[in-house]
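To start, the structure under review is shown below, and the notes come after it.
Where a number appears in this text, it was derived from the coordinates with a stated rule and is not lab data. Computed from a predicted structure; not experimentally measured. Cβ atoms come from the backbone with ideal geometry, glycine included; neighbour counts cover every protein chain shown.
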Amino acid sequence: MKKNYMIITNNPLVPRKLNDEYTVAYMDISYEDVLKEVRNRIHEGHRLLSHPLSGSVKPNETPYKSVMITERREAVDEESLMIIENAIQACRKFVFKSDKYKPEVYEDFQIIDWTLLESAVASADAW
Amino acid sequence: MRLEMGHIYIKDIQFAAESKIEDGILYVSEEAVKAVALEDEKIKSVSFDIAKPGESVRITPVKDVIEPRVKVEGRGGIFPGVIAKVDTVGEGKTYALKGMAVVTAGKIVGFQEGIIDMTGPGADYTPFSKTLNLVMVCEPVDGIKPHDYEKAVRFAGFRVAVYLGELARELTPDETKVYETCTIKEGMEKYPDLPRVAYVQMLQSQGLLHDTYVYGVDAKKIVPTILSPTEVMDGAIVSGNCVSACDKNPTYVHLNNPVVHDMFEQHGKTINFVCQIITNENVYLADKQRSSDWTAKLCKMLDLDGVIVSQEGFGNPDTDLIMNCKKIEAEGVKTVIITDEYAGRDGKSQSLADSDPAADAVVTGGNANQVIILPKLDKVIGTLDYVTKIAGASEETLREDGSLEVELQVLTGATNETGFNKLSAR
């Protein structure tokens with residue numbers, strides 16, 4: 001059965017890890033653009049389920065971000081909106097260097113982003 | 001609960017044929033500690049080194065810092081549920097080797113944490129430049145998964161620390177301190193006029209290299225609960241995190257948590273230190289709501305007048321911090337929060353990713369984005385290969401003259417949010 005949430009991500013590992021019970025919107029876009037994509041969807045009535053600033057690898061340092069939102073659309077959720085706006089703001093105070101690592105490091109960034117999402121999936125699937 | 005902490009001051013560490021502590025000198029048999037580390041077949045090799053304060057040595061990538069301790073009287077053993085069997089700790093007698101630490105290092109992921117400089121400007125920012133450090137660099141077997149490697153290094157560090165702690169079992173401490181907590185009723189009767197204050201400690205709990213363990217339980221899976229603050233002195237809480245090393249609590253900080261120690265200092269004088277409440281910092285927003293609801297509920301049920309809340313990390317935990325603060329204040333309990341700041345390199349950006357008018361008493365550990373130049377040092381324990389990939393660093397970090405231009409984020413403990421750091425406005 002399909003889960004009642006969806007994942008917005010630019011991490012190519014995520015669609016490989018999750019089977020077709022999960023709705024994954026994978027996009028080849030920047031970290032900040034993932035947050036903006038999530039913001040757009042919140043305006044459409046989806047609600048945030050995982051924190052957009054998960055993880056201590058900072059925005060603009062890791063290129064990858066996965067965020068979980070509700071599948072259903074309801075009235076715009078103010079709290080979700082506030083969290084995503086603050087996250088987009090926070091992005092901008094970090095010097096951009098996501099493109100300055102050696103190739104093998106990207107795989108590790110993908111693993112870390114996946115484990116952060118995985119912990120949210122575990123909580124969501126406990127219901 | 002009553003815990004007697006015996007301090008054994010270590011003045012020097014030397015490699016020797018036999019491990020022992022004599023006249024304040026820790027002699028370490030390299031062969032013996034190697035055997036302890038290699039008990040886990042996931043570790044292919046391990047090398048030990050000694051770094052002393054003032055030496056031109058850089059240790060990186062640091063995973064954890066651990067103070068060796070031994071339980072000599074009372075229930076349980078050090079690191080219950082991890083190394084010792086599960087049993088409630090925090091009473092009886094424990095000895096600690098003061099002035100030294102076991103530092104674990106090893107490349108787990110390609111962007112790795114943190115740096116300890118034993119001299120120079122970096123040394124002013126990390127508290128572990130002042131300890132005699134026995135550093136162990138662990139290499140894993142080929143093809144190991146990051147999860148397994150992280151766990152292997154984490155446990156190897158604890159095993160070595162416990163092995164060294166055991167050397168002190170029959171010694172007489174140089175100094176003894178007694179920490180005693182009351183039951184709820186005893187405290188109310190003994191200190192009727194003192195404000196009832198607790199310590200709310202938020203534990204990093206998000207995923208690989210972002211985890212903390214309580215009596216061996218992954219902190220993601222706990223609901224907020226109450227500890228006697230003496231339990232942490234026996235290793236009830238251990239670290240499994242090191243990403244953005246400036247504001248993560250190594251196990252050493254859990255064992256020596258300055259909030260706990262300072263509150264004990266005031267216990268029975270200006271406050272009644274009721275208990276320690278631990279909570280987590282999960283990624284899933286409903287978990288945040290549950291944990292902050294419960295934390296506030298516990299504060300209310302304990303009839304507290306005030307709490308000190310310490311955060312661990314940045315970003316996602318800012319939301320937990322503000323939720324805790326807001327909900328606890330709404331129960332009529334005063335809060336002081338301890339955080340650090342990501343205010344941009346120029347310090348002009350908003351420091352936290354969340355805020356609320358209820359958070360009107362804030363202590364900061366410093367700005368983690370602050371830029372610092374670390375000069376080239378003579379010796380590196382570990383490897384500089386990863387320095388370019390730690391949080392706050394990039395491929396441009398390593399400059400031509402061998403110096404590093406980094407943000408404070410990379411230095412282990414630089415902006416610690418329990419106050420276990422060197423930054424001060426004094």
* To do: Convert each backbone phi in the range B:6-18 into a coupling constant with the Karplus relation 6.51 cos²θ - 1.76 cosθ + 1.60 (shift: θ = phi - 60°), then list the ³J(HN,Hα) values in order as whole Hz, x for Gly and Pro.
  => x, 9, 10, 7, 9, 9, 7, 10, 9, 6, 8, 5, 10
* Could you put B:Lys11, B:Lys177, B:Lys63 in order, starting from the residue whose Cβ has the fewest other Cβ atoms within 10 Å? -> B:Lys11, B:Lys177, B:Lys63
* Treating each Cα of the range B:171-261 as an identical point scatterer and ignoring solvent, apply the Debye formula and state log10 I(q)/I(0) at q = 0.19 Å⁻¹. => -0.97
* Asked: What does a probe at A:Trp127 reach in the range A:19-54, counting residues whose amide N is under 14 Å from the point 7 Å along Cα→Cβ?
  -> A:46-51
* When the Kirkwood radius is taken over all Cα pairs of the protein assembly as shown, what Stokes-Einstein diffusion coefficient follows at 37 °C and 0.692 mPa s, in µm²/s? -> 138
* Setting aside same-chain residues fewer than 8 positions from A:Lys100, which aspartates and glutamates have a Cα under 12 Å from its Cα? -> A:Glu61, B:Glu395, B:Glu396
* Asked: What trypsin sites (Lys or Arg not before Pro) does the range A:67-117 have in DSSP loop regions with at most 16 other beta carbons within 10 Å?
  -> A:Arg72, A:Arg73, A:Arg92, A:Lys100
* Calculated FRET efficiency, B:Ser45 and B:Lys269, Cβ-Cβ r, R0 45 Å, to nearest 0.05? -> 0.30
* Asked: Among the aspartates and glutamates, which fall within straight-line cross-link reach of B:Lys42, defined as a Cα-Cα distance under 17 Å, with same-chain neighbours fewer than 8 residues apart omitted?
  -> B:Glu139, B:Asp142, B:Asp148, B:Glu150
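Checking the a/c ratio against 1.5 first, then a/b against b/c, what shape does the Cα gyration tensor give for the range B:65-155?
Judged from the Cα gyration tensor, the range B:65-155 comes out oblate (a/c at least 1.5, b/c at or above a/b).
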* So what's the gap between the Cα centers of the range B:1-64 and the range B:282-346, to the nearest angstrom? -> 36
* Structure fact -> Mean projected area, convex hull of alpha-carbon positions in the range A:5-125, reported to one decimal in nm², is 7.0
* Theoretical ellipticity at 222 nm over the protein assembly as shown - DSSP helices of four or more residues, -39500 (n - 2.57) apiece, nearest 500 -> -8000 deg cm²/dmol
* List the DSSP H helices in chain A whose Cα atoms stretch 18 Å or more along the helix axis and whose mean Kyte-Doolittle hydropathy is at least 0.0. => A:78-91, A:103-125
* Asked: If the label point is 7 Å along Cα→Cβ of B:Lys190, which residues in the range B:231-246 have backbone nitrogen under 18 Å from it?
  -> B:231-233
* Once both labels are modelled 7 Å past Cα along the beta-carbon direction, what's the B:Ser424-B:Asp346 spacing in nm? -> 3.1
* Anyone know which of B:Met301, B:Met136, B:Met233 comes out most mobile in the 10 Å Cα GNM of chain B? -> B:Met301
* Asked: Between the range A:12-67 and the range A:88-125, what is the C-alpha centre distance in whole Å?
  -> 10
* Rounded if a/c is under 1.5, else prolate if a/b is larger than b/c, else oblate: which is the range B:2-410, with a ≥ b ≥ c the root eigenvalues of its Cα gyration tensor? -> oblate
* Asked: Counting partner chain Cβ atoms within 10 Å of every residue's Cβ in A:114-123, what's the average?
  -> 6
* Length released on extending from B:Asp23 to B:Arg169, taking residue separation times 0.36 nm less the Cα-Cα span -> 51.1 nm
* Taking B:Glu91, A:Glu74 and counting other C-beta atoms within 10 Å, the order from fewest to most -> A:Glu74, B:Glu91
* Using θ = phi - 60° and the Karplus relation 6.51 cos²θ - 1.76 cosθ + 1.60, list the HN-Hα couplings for the range B:227-235 in order, rounded to whole Hz, with x at every Gly or Pro. => 10, 7, x, 6, 4, 5, 6, 9, x
* Structure fact -> Per DSSP, the loop-located trypsin sites (Lys or Arg not before Pro) within the range B:69-125 having at most 12 other beta carbons within 10 Å are B:Lys85
* Structure fact -> A correct fewest-to-most ranking of B:Met118, A:Met1 by other Cβ atoms within 10 Å would be A:Met1, B:Met118
